[in-house]
Amino acid sequence: MKFNTIDEAKEYVVSLTNKARTIEDVDSAISYYQEMVDGAHSDDSRNLWFSELDKLNKWKGSDDFNNGNYPQGIDDLILELVEWRSVIYAFQSVDAKREPFKESGFYAQWYVGGIYGVFSIFGKLLSKDKRDNSLRKLWEAISPIMLSEGACTKPEVDCINAALDAKSGRFTNENSQALLFRNKLISHNEAMPVVKWDEVDKDFAFLIRMWSLLVSWSSFGLFQPFRTGDQAFEGVESMFDRSEITKLKAKRQEYLKMVEKWSTSYVHTGEADPGRGAFSSLSVKLSIISDNERA
């Protein structure tokens, strides 16, 4: 795939990763970007935020958006995978007085649904099918441009490309617990391998970093993208007491912190990348004006 300009390549990444799919999501994002435009401290900052605002307004008014002619964004897939896994991680990490996944058919079914959700998304992200909007395909199209721009290092790109090799790479049944489970049980009723979540998380960390490099290069990133702890565990009071729910929220937050760390860690060394990742945060700039300056 060829692009005429770097900006065109970045816009392509945004178009495939963009999470803002519903009218509510778009309106919320537009309001946020407008606040950033209004509160910008420099012309450069204002122009950057205005550019993002303009893109969203055009997307909101497009026929494709209004007719639903677009695939699920890669941001959506990544975030939903993390939402599922973070709650599963919390349930696995907290000892409770009751055993909801044994006592309750609803909880047992929820867990099965969570497993199917996690590994179905994993397969979508790594799909090679030309019809799919996958992380693998986006990386293959854009990573050479990011490398030429200095947005990533050659050792890390080489490591990721080797991992994506269809025959000998990381993401094969032989080398990936996540892909093995997805292919053996989710895609085909062939076998029931045991889910080794620690190994699965290593695969997730790899995908999170790939996605983070693309998002941080092409946009401002995602601001507060995850559900709150209250939202994640609303309705569990019948099976968990207050102290247990507090622990569940803390463990889920622990997993989200791991995800943030993965997003800014080199995959080939595990060391921290000093650059920003996919998750953005607001910073407040305070200026103290003296009486003389006011005058």
So which helices (runs of 4 or more DSSP H) are wholly in the range 40-120 and hold at least 3 residues that are among the aromatic types (Phe, Trp, Tyr)?
-> 43-61, 74-93
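Quick check on the range 255-295: of everything there that is aromatic (Phe, Trp, Tyr) and outside any helix (DSSP H, G or I), which residue is modelled with the lowest pLDDT? Write out each step before concluding.
Quick first cut of the range 255-295, residues aromatic (Phe, Trp, Tyr) only: 255, 262, 266, 279.
Still in the running and outside any helix (DSSP H, G or I): 266, 279.
On the way: 266: 96, 279: 89.
If we take residues in the range 255-295 being aromatic (Phe, Trp, Tyr) and outside any helix (DSSP H, G or I), then 279 is modelled with the lowest pLDDT.
Could you please let me know if residue 194 is loosely packed, with under 12 Cβ neighbours inside 10 Å, within 30 Å of residue 96 (Cα to Cα) and more than 22 Å from the chain's Cα centre (by Cα)? Working first, answer last.
Values: loosely packed, with under 12 Cβ neighbours inside 10 Å: yes; within 30 Å of residue 96 (Cα to Cα): yes; more than 22 Å from the chain's Cα centre (by Cα): yes.
It is true that residue 194 is loosely packed, with under 12 Cβ neighbours inside 10 Å, within 30 Å of residue 96 (Cα to Cα) and more than 22 Å from the chain's Cα centre (by Cα).
Would you call residue 103 out of contact with any strand residue (DSSP E or B) (no Cβ under 6 Å at 6 or more places or on another chain), of a type in the set (Asp, Glu) and farther than 20 Å from residue 17 by Cβ? Lay out the reasoning, then the answer.
Details: out of contact with any strand residue (DSSP E or B) (no Cβ under 6 Å at 6 or more places or on another chain): yes; of a type in the set (Asp, Glu): yes; farther than 20 Å from residue 17 by Cβ: yes.
Yes.
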Based on what the data block shows, is residue 12 touching an Asp or Glu at 6+ places or on another chain (Cβ under 8 Å) and surrounded by 14 or more Cβ atoms within 10 Å (Cβ to Cβ)?
-> no
Residue 22 meets each of (1) surrounded by fewer than 17 Cβ atoms within 10 Å (Cβ to Cβ); (2) in contact (Cβ under 8 Å) with a residue 60 or more places away in the chain; (3) within 28 Å of residue 81 (Cβ to Cβ); (4) among the β-branched types (Val, Ile, Thr) with one exception, condition (2)
Search the range 158-172 for residues that are free of Cβ contacts under 8 Å to residues at least 12 places away in the same chain and pair each with any residue that is surrounded by 12 or more Cβ atoms within 10 Å (Cβ to Cβ) and among the aliphatic types (A, V, I, L, M) when their beta-carbon atoms are under 7 Å apart and the residues are at least 6 apart or on different chains.
-> 169/162; 169/163; 172/179
Please indicate, with yes or no, whether at least one residue in the range 144-163 is part of a helix (DSSP H, G or I), polar (S, T, N, Q) and at negative phi.
-> yes
Identify, please: which residue in the range 56-99 is surrounded by fewer than 20 Cβ atoms within 10 Å (Cβ to Cβ), under 17 Å from the mean Cα position of the chain (by Cα) and of a type in the set (D, E, K, R) and is, among those, modelled with the lowest pLDDT?
-> 76
Within the range 100-132, restricting attention to residues that are surrounded by fewer than 11 Cβ atoms within 10 Å (Cβ to Cβ) and among the basic types (Lys, Arg), which residue is farthest from residue 182 (Cα to Cα)?
-> 102
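The values are calculated or read from the model by the stated rules, or taken from the named source; none is laboratory data. Being a predicted model, the structure only gives us computed values, none of them experimental. Cβ sites come from the backbone with ideal geometry, for glycine too, and all protein chains shown count toward neighbours.
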